[in-house]
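Down below is the structure, laid out as C-alpha cells.
Nothing in this text is a laboratory measurement; each read-out follows from the coordinates by a stated rule. Since the structure is predicted, the reported quantities are computational estimates derived from the model, not experimental observations. We place every Cβ from the backbone using ideal geometry, glycine too, and count neighbours over all the protein chains shown.
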Amino acid sequence: MQTCISGNDVAWEGNSIVSENAQKAVASGTTSPNGTNGFALPGVFGALAEQGIARAQAGCEKIKAASEQIGETLRDSYSANAEGATSYGLKVIEISNANTAAAMDFFVNLLGSKSVNDVITLSADQARRTFEATSTQNRELWELTQKLAAEAGEPVRKHAAGVFQKAS
C-alpha cells in the first residue's frame, strides 16, 4: 500500500513505514533490507551509537510512563471535580427549596393576617428568619466549597508526591 505524506512517497512494510529513498537504497544494494548501511563502523563508534539508541529508547519509555501517569491523574482530578460540582449543585437546590418553602409559608401567613400590626410583626419575623437561614446556608456552602477544593487537589498532590519520591 503506497501513500503520500507531505510530498514523500512511503510504503507500509510489516509494522513500519519505509520511505521511497529507503526502498531505492535496498534495491540498489547500498543498504540491507533491515536498514543498515553495509558499512562497518569502528567498534567505539558502534558502541557509542548503541548506547545513544538505548538511552533514547529508555527516555521514550520514561516519557510514555509519565504521560500515562499524567493521564491517570487528570482522570482522577476530573472525576473528583465532577463529584464536587454535583454535590455543590445539589446543596444549592436544597437551599433553594428551603427558601421557597419559607417564602410560601410567609405569604400564606401574610394573607391570613387581620391587621397592619400583624403584617408588621410577620414581616419582622420573616426578615429575622431569612437572615439566620441565609447566614447558615452561606456557612454550609463555604464549608462545602473548602472540602471540594481540597478533594479536587488531592489527585494532583498524590501524583506530585509520587514524582518527588521517585526523584529522591
Quick check: convex hull of the Cα atoms in the stretch 87-168, volume per residue, rounded to a whole Å³?
55
Can you tally the net charge around Thr136? Count Lys and Arg as +1, Asp and Glu as -1, for every other residue whose Cβ sits under 14 Å from the Cβ of Thr136.
0
Between Glu154 and Lys166, 0.36 nm times their residue separation minus their Cα-Cα distance comes to what?
2.5 nm
For the stretch 72-168, give the magnitude of the charge dipole about the Cα centre (Cβ charges: +1 Lys/Arg, -1 Asp/Glu; no others), in debye to the nearest 20.
220
Could you calculate the contour length gain from Ala98 to Asn117, that is, 0.36 nm times the residue separation minus the distance between their Cα atoms, to one decimal place in nm?
4.2 nm
The local net charge around Leu111, scoring Lys/Arg +1 and Asp/Glu -1 for residues other than Leu111 whose Cβ lies under 12 Å from its Cβ, equals -1
Restricting to Cα pairs under 8 Å and 6 or more apart, the percent relative contact order of the stretch 41-168 works out to 47
Please list, in order, the residues from the stretch 90-120 whose amide nitrogen is less than 14 Å from a point placed 7 Å along the Cα→Cβ vector of Ala133.
93-110
